[in-house]
Amino acid sequence: MRLGYGEDSHRLEEGRPLYLCGLRIPSPVGAVAHSDGDAALHALTDALLAAFGLGDIGLHFPDHDPRWRGVRSEAFLREALRWVEARGGKLVQVSLALTLDRPKLSPHREALVDNLSRLLALPPDRIGLTFKTSEGLAPEHVQARGVVLLEG
Ligand SMILES: Nc1ccn([C@@H]2O[C@H](COP(=O)(O)O)[C@@H](O)[C@H]2O)c(=O)n1
Ligand SMILES: C[C@@]1(CO)OP(=O)(O)OP(=O)(O)OC[C@H]1O
């Protein structure tokens, strides 16, 4: 068995798109980032890499490389999955916590879980998704923290 932990955060700004778990969420604020700023997928990518001692997302996809500018973060996740699978890893469970004050994510829970299920090839009951506010401590901020469990 292998365990990986990952986290990511991005500053939120008015008028930018908000991507989480691979979906665009209707929101007045979105992430400031080099890619699409999907903190959830960045945290999962880092967790997968960590499980096999493969460094982190910035090592493989540096934020000064124009190839990754504006890229949808599914691309990073798919690569990390490919690398761990090539080393005999099989993802069996994911737990992910997203902290942001706005917008409310609970109306999007089913769509977010379904999309993670598709991206990770995991049944929905193996995907834990938790939403938290910062209680006003970090209102212009999105944070994702996640753990992955793999066989192999
Ligand atoms: N962006 C968010 C943040 C939270 N929720 C839901 O609200 C509940 C209360 O959040 P607290 O941080 O005050 O514990 C939480 O359990 C989430 O279900 C949300 O939908 N969207
Ligand atoms: C994903 C990358 C690459 O586009 O940039 P950002 O979108 O800014 O995101 P970050 O979480 O800082 O991760 C590392 C990067 O190298």
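Of note:
- Over the chain: helical MRE at 222 nm, DSSP H runs n ≥ 4 each giving -39500 (n - 2.57), nearest 500: -8000 deg cm²/dmol
- 3J(HN,Hα) along the stretch 28-42, derived from phi through the Karplus expression 6.51 cos²θ - 1.76 cosθ + 1.60 where θ = phi - 60°, amounts to x, 10, x, 6, 8, 7, 7, 8, 6, x, 7, 4, 5, 6, 5 Hz, with x in place of Gly and Pro.
- Overall dimensions of the stretch 2-151 as given by Cα atoms, namely Rg and Dmax in Å: 14.4, 43
- Solvent exposure of the stretch 2-151, expressed per residue, is 49 Å² of accessible area, with all protein chains present and a 1.4 angstrom probe.
- The packing ranking, built from the mean of other Cβ atoms within 10 Å per residue, places the peptides 42-51, 60-69, 18-27, 122-131 in the order 42-51, 18-27, 122-131, 60-69, highest first.
- Summary of packing: across the peptides 103-115, 79-91, the per-residue average of other C-beta atoms within 10 Å ranks them, highest first, as 79-91, 103-115.
- Under a model in which nothing but the beta-carbon of Lys, Arg (+1) and Asp, Glu (-1) is charged, the chain shows a dipole of about 320 debye around its Cα centre.
- With a cut-off of 15 Å on the backbone N, the residues of the stretch 85-120 near the modelled label site 7 Å out from residue 151 along Cα-Cβ are 85, 88-94.
- Working from Cα pairs under 8 Å separated by at least six residues, relative contact order for the chain is 34 percent.
- Measuring nothing but protein heavy atoms, the accessible surface of the chain at 1.4 Å probe radius is 51 percent carbon and sulfur.
The values are calculated or read from the model by the stated rules, or taken from the named source; none is laboratory data. These numbers come from a predicted model, not from an experiment. Positions of Cβ are backbone-derived with ideal geometry, glycine not excepted, and every protein chain shown enters the neighbour counts. Please note that ligands, DNA and RNA were not included when accessible areas were found on the heavy atoms of the full protein model with its side chains. Shrake-Rupley method; radii C 1.70, N 1.55, O 1.52, S 1.80 Å.
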